[in-house]
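To start, the structure under review is shown below, and the notes come after it.
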Amino acid sequence: MFTRNTVVATSLVATGLLALLGGASARDHVNGVLTPTDRAFVRAVAESNTAEIRTSQMALTHTNNPAVLKFARHMIHDHTIAQGQLARIASNNGGRATMHLSPQDAAAGRKLMRLHGAAFDRAYMSVQLQGHTKAVGLFQNEIAHGRNSDVTNFATANVKTIQDHLQMASDITGTQNRPSRVKNPRTLHG
């Protein structure tokens, strides 16, 4: 009887042998296991989703601005769905997408908790711009370098949503932070 570890190890050995024989490359996808790149992406996106949900929940009671309120509701909805998808993908591939905050996100949350009204709006939208700018890069990196097809498919399916969030935050703040639209960096050859 084969255990999960035996199957994964056999799959990895077969992938390596195929690569040596010219039938596969280091960029081929593996399932059932998260590579270090895939695992780092899952952790970072889970932390980002958690931060988006928590700070946006704060916005529901800390803002009087209808545009910020609408944006916050949109963030709660989209990032809750994404977190559920990510958790299922991680679990199916031997990982976890936990609802923890990074130290930076926790500090930003503490700062936001003390603010209300226009001061909250400025700080919250600044956090949104920074967070979504960073997230676009994370997603694009996973699309280009990830190996687990479940995780890279998640990144590919959701990168436009993150770019749209960045665009909405840019529109609300009046900044010119326009996200680049990269469909799939793997298919772009300069």
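None of the figures in this text is laboratory data; all of them are computed from the coordinates on show. Remember, predicted model here, so these are calculated numbers, not experimental data. All Cβ positions, even for glycine, are placed from backbone atoms using ideal geometry, and neighbour counts span all protein chains on display.
Touching a residue at least 40 places away in the same chain (Cβ under 8 Å), surrounded by fewer than 14 Cβ atoms within 10 Å (Cβ to Cβ) and in a helix (DSSP H, G or I): does that describe Ala118? Outline the logic, then answer.
Numbers: touching a residue at least 40 places away in the same chain (Cβ under 8 Å): yes; surrounded by fewer than 14 Cβ atoms within 10 Å (Cβ to Cβ): yes; in a helix (DSSP H, G or I): yes.
Considered against the rule, which asks whether it is touching a residue at least 40 places away in the same chain (Cβ under 8 Å), surrounded by fewer than 14 Cβ atoms within 10 Å (Cβ to Cβ) and in a helix (DSSP H, G or I), Ala118 comes out as yes.
For Asp105, which of the numbered conditions (1) surrounded by fewer than 17 Cβ atoms within 10 Å (Cβ to Cβ); (2) under 19 Å from Ala59 (Cβ atoms) fails to hold?
The number of the failed condition is (1).
So Thr61 fits all but one of (1) surrounded by 13 or more Cβ atoms within 10 Å (Cβ to Cβ); (2) over 21 Å from Asn158 (Cα atoms); what number is the exception?
So Thr61 meets the others, but not (1).
Mind listing just one residue for me: the one in the stretch 128-149 that is surrounded by 20 or more Cβ atoms within 10 Å (Cβ to Cβ) and out of contact with any Pro (no Cβ under 9 Å at 6 or more places or on another chain) and, of those, farthest from Val42 (Cα to Cα)?
In this case the residue turns out to be Gln128.
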